[in-house]
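For reference, the structure discussed in these notes is given below.
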Amino acid sequence: MSGELQKNFIEETSFPDAQEYFINQAYQFQEALMMYNCAIREVRTKLEVLNDELSIRYKRNPIEFITSRIKKPFSIVEKLNRKGLPLTVEAMTAALNDVAGIRVICSFIDDIYSVADMLTRQDDITLIQKKDYIKAPKENGYRSLHLIVEIPVFFSDRKQSMRVEVQIRTIAMDFWASLEHQLKYKQDVPDSAQIQQELRECADIISQTDARMLDIKNKIFQEDGFGSPVEKLKKLNLPLAPPPARP
Ligand code: 0O2
């Protein structure tokens, strides 16, 4: 049912029917949000486990911090309208992939791909879609790796596959995206074209800085991943094997 049809339906329906319809939709929406929250918890725990393991193993955290959100009702309505879909809970769960969202902030660009690989390798995670806005940035300069993953969530009487959008980016990319996002939602910004141009330039500077920071980190650790084997052992404080005794 389109937004217009839905409006007519509510206006034309007798009060008890409209009330029942509203209560039914409200209940379905509440239940759907609870399920999305549970899916966020499942994926978030997986990311936290990976980060904990890597911080013990290699004494370095690939993840700086994780945030999560349920999409705001206004944004859900706006997106359903943009896609020409009815304003129903069924349409939301069937067509929107980003109602549940997790943002993972990493220090370095290579950490983004390591975390994405480690997460999507897990056998209860299904990768539905991958958008690499780092290799192919958006026109405005936006950079981030977006994954849509599906995860089974176990409820009292059933197992439900839930979709979660995972955005992975560096601290610098996140800093940029937060400011740019504010520009998008703020009305009547004077010189917005000039600001967009400045943001584009900043995005390029940030990208070069991210690449140089990765290069410096690799020189410091002389590694191509999470450290050379000897460095790893040193960081674990395990005794290195003594040199073979002379005959
Ligand atoms: P909010 O407030 O996070 O909900 P699709 O889902 O594939 O039909 P869509 O929505 O364009 O199409 O997907 P995409 O490109 O993966 O973008 C989804 C989310 O990524 C956005 O959600 C933003 O959070 C973020 N994003 C994408 N492009 C930009 C950008 O140019 N600038 C910034 N700052 N963020 C961006 P919402 O719904 O816009 O917002």
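Derivation of every value follows stated rules applied to the coordinates shown; laboratory data play no part. Keep in mind it's a predicted model, so treat the numbers as computed, not measured. When we count neighbours, we look across all protein chains shown, and the Cβ atoms used for this are built from the backbone with ideal geometry, even at glycine.
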Going by amide H atoms built from the backbone, whose H comes under 5 Å of the H on T170, apart from near neighbours?
C106
Once you keep just the Cα pairs under 8 angstrom separated by 6 or more residues, what percentage relative contact order results for segment 10-236?
20
In Å, what Rg and Dmax follow from the Cα atoms of segment 10-236?
21.0, 76
Peptides 191-203, 157-169 ordered by average Cβ neighbours within 10 Å, highest first:
157-169, 191-203
Per the Debye formula with a single identical scatterer at each Cα and no solvent contribution, what log10 I(q)/I(0) holds for segment 13-61 at q = 0.22 Å⁻¹?
-0.77
FRET efficiency for R121 and A18, Cβ-Cβ distance as r, R0 = 30 Å, nearest 0.05?
0.05
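Given Cβ point charges of +1 (Lys, Arg) and -1 (Asp, Glu) and nothing else, what value in debye, to the nearest 20, does the dipole of segment 10-236 about its Cα centre take?
So the magnitude is around 760 debye.
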Charge sum, other residues only, whose C-beta stays under 10 Å from I63's C-beta, Lys/Arg counted +1 and Asp/Glu -1
-4
Estimated vicinal HN-Hα couplings, Hz - segment 28-38 in sequence order (Karplus 6.51, -1.76, 1.60; Gly, Pro = x):
4, 5, 4, 5, 4, 5, 4, 5, 5, 4, 5
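How many percent of DSSP beta bridges within segment 10-236 run antiparallel, rounded to 5?
80
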For I128, the residues 5 or more places away or on another chain with a placed amide H closer than 5 Å to its own amide H are I148, V149, E150
